[in-house]
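Shown next, in structure tokens, is the structure this report addresses.
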Amino acid sequence: MKIVIADSHKKYDDIDMYKDVFDNIDFINHAYSAPSDVEILSVSHSKIGVSTLDRFPNLKLITVRGSGYNNIPVQECTSRGIWVSNTVTYDASRSVAEFTIMQILNGVRKKSVIDNYVGKGATSFKSMPRAMGGLLKNKQVAIIGYGRIGKIVDEILESMGVNTIIIHTTGIDSVKSLSGVKWADIITIHCPLTANLEGIFDEQFFNMCKKGVVLVNTSRGKLIKSIDLLDALNKKKVGYAALDVLSGDESTVDDIKNINCTDVTPHVAFYTAEHRDSITKTNIENLKYFIDNKRPKWTVNKVVKKGHQATIL
């Protein structure tokens, strides 16, 4: 089978590991430039549209090297008889969870404020009047989204003497269903990006929060309405925001980045050697399984072929 690994990067993806297992395999920058005879396409961040699928009449499987798959039109793939599979490993989830804990601690201890003072020449706590933080112990942390990552965050926080408020994604149907955050000193977001959750963290949400709340988002940028977050930061409703993902118009994003009580990172929460190795090994295992069994080991959708038709189970 013709296999293409898109979004590949020689400094991150273990290309040699793939080459040791598969003969008929190519590595490209973006999925759209894959050859038309591709049968298995593995992507990281490439957005797959209907026009892209039209170019690949022989495509049988798309694997996503990560947990999120909102860049793939799953329903359209299913209707065409194309399997979709994501790649979730403990090390991948643990990497994001540990990054989340780091950012929570940065918020509680006002690391960005300290950095700002040091950047202006401060050499002692005596010249940092607004940099005194607090202990994480006994704080109330709201974990919004209780999948693999949320559960690991909860386990780590429990070991640190933190009280957690769990809000399951399945129970979120409006901002009002997030009312549990009003008791939280810290909020960490671990939700998938779905139509009903896009922009749900808006002005109404921030008005429910404790004044000065610490906000961490390592999930998806479009979950937060950026213009409302900017307003909440300027009004000190949000005391600190750690954003590994950020979405919005360019001027709003720049304004958020320039506030000294924010820490914006370019989607790197997953970025560990352990994540890379586990994702590569798991993806290879899934590809081998598909070649041997005509279906992936881990699936997002379920396809039953009837002649040239496919139906969703």
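The values are calculated or read from the model by the stated rules, or taken from the named source; none is laboratory data. Model, not experiment: these values are computed from the prediction. So basically every Cβ, Gly included, is an ideal-geometry build from the backbone, and we count neighbours across all protein chains shown.
Of ARG109, ARG148, which residue is charged (D, E, K, R), in the same structural domain as ALA241 (by TED's automatic domain parsing), in contact with a Ser or Thr (Cβ under 9 Å, 6 or more places away or on another chain) and within 21 Å of THR218 (Cβ to Cβ)?
Values: ARG109 fails: in contact with a Ser or Thr (Cβ under 9 Å, 6 or more places away or on another chain).
Sole residue among the options that is charged (D, E, K, R), in the same structural domain as ALA241 (by TED's automatic domain parsing), in contact with a Ser or Thr (Cβ under 9 Å, 6 or more places away or on another chain) and within 21 Å of THR218 (Cβ to Cβ): ARG148.
Yes/no per residue for (1) touching a Pro at 6+ places or on another chain (Cβ under 7 Å); (2) exposed (fewer than 15 other Cβ atoms within 10 Å of the Cβ); (3) charged (D, E, K, R); (4) outside any loop (DSSP other than H, G, I, E, B):
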{"position": "ILE227", "(1), (2), (3), (4)": "no, no, no, yes"}
{"position": "TYR240", "(1), (2), (3), (4)": "no, no, no, yes"}
{"position": "HIS267", "(1), (2), (3), (4)": "no, yes, no, no"}
{"position": "ARG276", "(1), (2), (3), (4)": "no, no, yes, yes"}
{"position": "THR282", "(1), (2), (3), (4)": "no, no, no, yes"}
{"position": "LYS288", "(1), (2), (3), (4)": "no, yes, yes, yes"}
{"position": "ASP292", "(1), (2), (3), (4)": "no, yes, yes, yes"}
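Tally time: how many residues in region 178-189 are within 10 Å of PHE205 (Cα to Cα) and either outside the structural domain of LEU157 (by TED's automatic domain parsing) or polar (S, T, N, Q) (or both)? Reasoning before the result, please.
First, pick out the residues of region 178-189 that are within 10 Å of PHE205 (Cα to Cα): 178-179, 181-182.
If we keep only those that are either outside the structural domain of LEU157 (by TED's automatic domain parsing) or polar (S, T, N, Q) (or both) too, we end up with 179.
Residues flagged as within 10 Å of PHE205 (Cα to Cα) and either outside the structural domain of LEU157 (by TED's automatic domain parsing) or polar (S, T, N, Q) (or both) within region 178-189 amount to 1.
Which of the following residues is at pLDDT 95 or above and crowded, with 18+ Cβ neighbours inside 10 Å: SER112, SER67, SER85?
Numbers: SER112 fails: at pLDDT 95 or above; SER67 fails: at pLDDT 95 or above.
Answer to the selection: SER85.
Which members of region 126-139 meet the condition of being on the phi < 0 side of the Ramachandran plot and either crowded, with 18+ Cβ neighbours inside 10 Å or assigned to a loop (DSSP other than H, G, I, E, B) (or both)? Give the steps one after another, and end with the answer.
Of region 126-139, the ones on the phi < 0 side of the Ramachandran plot are 126-137, 139.
Across region 126-139, the qualifying residues are MET128, PRO129, ARG130, ALA131, MET132, GLY133, GLY134, LEU135, LEU136, LYS137, LYS139.
Here are the criteria: (1) assigned to a helix (DSSP H, G or I); (2) in the same structural domain as LYS211 (by TED's automatic domain parsing); (3) not aliphatic (A, V, I, L, M). Tell me which single one GLY248 does not satisfy.
If we test GLY248 against (1) assigned to a helix (DSSP H, G or I); (2) in the same structural domain as LYS211 (by TED's automatic domain parsing); (3) not aliphatic (A, V, I, L, M), just (1) comes out false.
Which one of the conditions (1) surrounded by fewer than 18 Cβ atoms within 10 Å (Cβ to Cβ); (2) of a type in the set (Asp, Glu); (3) at pLDDT below 95 does ASP54 fail to meet, given that it meets all the rest?
(3)
Take the residues in region 10-22 that are out of contact with any Phe, Trp or Tyr (no Cβ under 9 Å at 6 or more places or on another chain) and under 20 Å from THR272 (Cβ atoms), then tell me which one is modelled with the lowest pLDDT.
Checking each candidate, the answer is LYS11.
Just one of (1) out of contact with any helix residue (DSSP H, G or I) (no Cβ under 8 Å at 6 or more places or on another chain); (2) farther than 24 Å from VAL64 by Cα trips up LYS151, so point out which.
Against the list (1) out of contact with any helix residue (DSSP H, G or I) (no Cβ under 8 Å at 6 or more places or on another chain); (2) farther than 24 Å from VAL64 by Cα, LYS151 comes up short only on (2).
For region 160-215, which residues satisfy the criterion of being assigned to a strand (DSSP E or B) and under 18 Å from GLY68 (Cα atoms)? Outline the logic, then answer.
At the first step, the residues of region 160-215 found to be assigned to a strand (DSSP E or B) are 163-167, 186-189, 201, 213-215.
Listed by number, the residues that qualify are THR188, ILE189.
If we only count helices (runs of 4 or more DSSP H) wholly inside region 8-82, which ones have 1 or more residues that are under 18 Å from THR282 (Cα atoms)?
On the way: elements: 15-21, 50-54, 74-79.
Of the helices (runs of 4 or more DSSP H) lying wholly inside region 8-82, those with at least 1 residues that are under 18 Å from THR282 (Cα atoms) span 15-21.
Go through (1) out of contact with any Cys (no Cβ under 6 Å at 6 or more places or on another chain); (2) under 22 Å from LYS294 (Cα atoms) and name the single condition VAL84 misses.
VAL84 satisfies every listed condition except (1).
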